[in-house]
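Read through the structure below, which is laid out as structure tokens, and then see the notes.
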Amino acid sequence: MRLLYVFALILAVRLASVFVVKTYYVPDEYWQSLEVAHKLTFGYGYLTWEWVRGIRSYVYPLIIAAIYKVLALLQLDSAQLLVLLPRLLQATLSAYSDYRFYVWTGKRKWALFLILVPWFWFYTGSRTLANTLEASLTTIALSYFPWFGEGSAYLWPAAICCFLRPTAAVIWLPLALYHLRNSRLSAVELILKRFVVIGLLVAGVGIAIDTYWHGQLIVTPWEFLKYNVLHNIGSFYGSHPWYWYFTVGLPTVLGINTLPFIFGIMQTVRKSDRFPVSKQLLISILVTLLVLSTVEHKEFRFVSSLLPLCLYVSAEALSRWSYRASRTQLWAAALIILMGNVVPAWYLSTVHQKGPIELMPKLRDIAHDYRDEREHRANILFLMPCHSTPYYSHIHENVTMRFLTCEPNLEQRDNFKDEADRFFDAPMHWIRSHIPVHPRTALPSHVVLFDTLGERISEFLTNYKLLHSIEHAEHLQSRTGNSILVYQRLQSGEENTFNRDEFQAQDIIVEPEALPSENQFN
């Protein structure tokens, strides 16, 4: 019964994160899961270039699409439920993985504490990211790993994890070698009857699913590795020095938990014979960091699967330390770790980059209710860095929308610039080339942008009035701002009072006129 209480506590924390975390993290949370599922279920939406090229697997989006289909059949497919239910599902899976972590670590109190408090896991544990799914599956697989006995149940979640995110194989290679070395079975029997059979079954099902939905025979893990490793497409979205994961990436993900993790490393290195599991986990962590460091494009979420490994090392060291620590020392350590996680979790979950999430309900209302003087529905133009917001999954209305794309240089063209770069280089030039002027009803009905762009396109915005201003972030970046602005096109008879007041005293720099071109908005 005690285990039931533990799971209830873990589940309560993960479900609470669904309602507490109301900020934007990375585009893939929506564009590689919810948006794909929405298009599969309802027939309209947007698929990014990764889906066109076949480097993503449909397995995860299909699970979400199944939820959407049930809602549609029950006529309960409101935008609110389309957003909420997938997060509740992911939070429940994360809670189960946390429970398995607690069982795996010998039901230690420090293990329960450490899996509940990490700021990064609270921040991402309920997000519909493939990386979140990968971290959950990794934890579940580790909990079934035959550390001191025999078993192969771990191979199922591990194989699924590797199929969905091929880079996960780096974690499991050292562990598979450890299993081979310590197994009572012969290496041939273990490889042929366990590794190969389970691997082929998982791969076969995954390939069949992807082949059906992509419309051609395709092995998405290979396509993923081909584009991201061999062609190094990821560097198009940013690059970091090789040591970034060691100095910034993993320490940031761990946060204050870096301190007990370093303590665990020291304990394990000094007395490796007393910490055989931690020793093997540290080898996997090191190998993974070294391999990932060879890829130019790096992100915090790419090492989220290492979090349970690091927390195990920390929990084991702290549990042994607790036997000789005083009550005061125990409470002080717990309080420092707790506060060191609560502060960033609260700030990043409720304050930083909250604009896109608060924006979407307003756009949803516009998409549902707006009609212009000709009874045309809304058509919305996002003049923002690409994928700055969720899309149809959060609006669930089949209205015209357009955003600035940022596809990489897949054709290896010289002097290549994506659409977003071309826009921000010369915003008014791009607008004149792509947006119709006459009649006025041909203009987008609504324009969404960051406040820092307003002055650069003030000439264009004289046709609009400000409808919403939404706080976003405290720190200005080159293409984002403190607020997200929503403009609505003026209708016949409306006075442009706002824009006259705002832009009357400004000296508008008129860029050279572009040659006439087609209306590319639609």
Checklist entry - Which residue pairs have Cβ atoms closer than 8 Å, lie 6 or more positions apart in sequence or on different chains, and pair a first residue in the stretch 160-180 that is of a type in the set (Ser, Thr, Tyr) with a second residue that is open to solvent by less than 20 Å² (accessible area, probe 1.4 Å)? => result Tyr178/Gln280
Next on the checklist: When you check Leu318 against the structure, is it at pLDDT 95 or above and under 28 Å from Thr167 (Cα atoms), yes or no?
Outcome noted: no
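Would you confirm whether any residue within the stretch 45-59 is in the same structural domain as Asp98 (by the TED database) and in contact with a Pro (Cβ under 6 Å, 6 or more places away or on another chain)? Break it down stepwise before answering.
Quick first cut of the stretch 45-59, residues in the same structural domain as Asp98 (by the TED database) only: 45-59.
Then keep just the ones that are in contact with a Pro (Cβ under 6 Å, 6 or more places away or on another chain); that gives none.
Taking every residue of the stretch 45-59 in turn, none turns out to be in the same structural domain as Asp98 (by the TED database) and in contact with a Pro (Cβ under 6 Å, 6 or more places away or on another chain).
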Next on the checklist: Please go through the stretch 16-25 and give me each residue that is in a helix (DSSP H, G or I) and open to solvent by 50 Å² or more (accessible area, probe 1.4 Å), ordered by number.
Outcome noted: Phe19, Val20
Next on the checklist: For the stretch 374-391, check the following and say yes or no: at least one residue is under 29 Å from Arg53 (Cβ atoms), out of contact with any Ser or Thr (no Cβ under 8 Å at 6 or more places or on another chain) and of a type in the set (Ser, Thr, Tyr).
Outcome noted: yes
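Would you list the helices (runs of 4 or more DSSP H) that sit entirely within the stretch 177-280 and hold 2 or more residues that are open to solvent by 50 Å² or more (accessible area, probe 1.4 Å)? Talk me through it step by step, then tell me what you get.
Numbers: elements: 187-190, 197-214, 220-225, 250-254, 258-270.
In the stretch 177-280, the matching helices (runs of 4 or more DSSP H) lie at 187-190, 197-214, 220-225, 258-270.
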Checklist outcome for this item: Log entry, pairs with first residue in the stretch 7-30 being over 13 Å from Arg87 (Cβ atoms), second being of a type in the set (A, V, I, L, M) and outside any helix (DSSP H, G or I), beta carbons closer than 7 Å, six or more apart or on different chains, reads Asp28/Leu129
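Would you confirm whether or not the stretch 156-168 contains a residue that is farther than 30 Å from Lys69 by Cβ and open to solvent by 20 Å² or more (accessible area, probe 1.4 Å)? Full working, then the answer.
Keep residues of the stretch 156-168 that are farther than 30 Å from Lys69 by Cβ, which gives 167.
With open to solvent by 20 Å² or more (accessible area, probe 1.4 Å) added as a condition, the list becomes 167.
Among the residues of the stretch 156-168, at least one is farther than 30 Å from Lys69 by Cβ and open to solvent by 20 Å² or more (accessible area, probe 1.4 Å), which makes the answer yes.
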Checklist outcome for this item: Every listed condition ((1) open to solvent by 10 Å² or more (accessible area, probe 1.4 Å); (2) under 16 Å from Glu29 (Cα atoms); (3) at pLDDT 95 or above) holds for Tyr370 save (2)
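Can you confirm whether Leu82 is crowded, with 23+ Cβ neighbours inside 10 Å and touching a helix residue (DSSP H, G or I) at 6+ places or on another chain (Cβ under 8 Å)?
Numbers: crowded, with 23+ Cβ neighbours inside 10 Å: yes; touching a helix residue (DSSP H, G or I) at 6+ places or on another chain (Cβ under 8 Å): yes.
Here the answer is yes, as Leu82 does meet what is asked.
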Checklist entry - Any idea which residue in the stretch 294-307 is nearest to Pro27 (Cα to Cα), counting only those that are open to solvent by 10 Å² or more (accessible area, probe 1.4 Å) and touching a helix residue (DSSP H, G or I) at 6+ places or on another chain (Cβ under 7 Å)? => result Arg301
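Where in the stretch 31-131 are the helices (runs of 4 or more DSSP H), entirely inside, with at least 2 residues that are in contact with an Asp or Glu (Cβ under 8 Å, 6 or more places away or on another chain) and hydrophobic (A, V, I, L, M, F, W, C)? Let's see the steps before the verdict.
Working: elements: 35-42, 49-53, 59-73, 79-104, 109-116, 119-124.
Here the list reads 59-73, 109-116.
The values are calculated or read from the model by the stated rules, or taken from the named source; none is laboratory data. Source: prediction; values computed, not measured. Cβ: placed from backbone, ideal geometry, glycine included. Neighbour counts: every protein chain shown. Areas reflect the complete protein model, heavy atoms only, side chains present, ligands, DNA and RNA absent. Shrake-Rupley method; radii C 1.70, N 1.55, O 1.52, S 1.80 Å.
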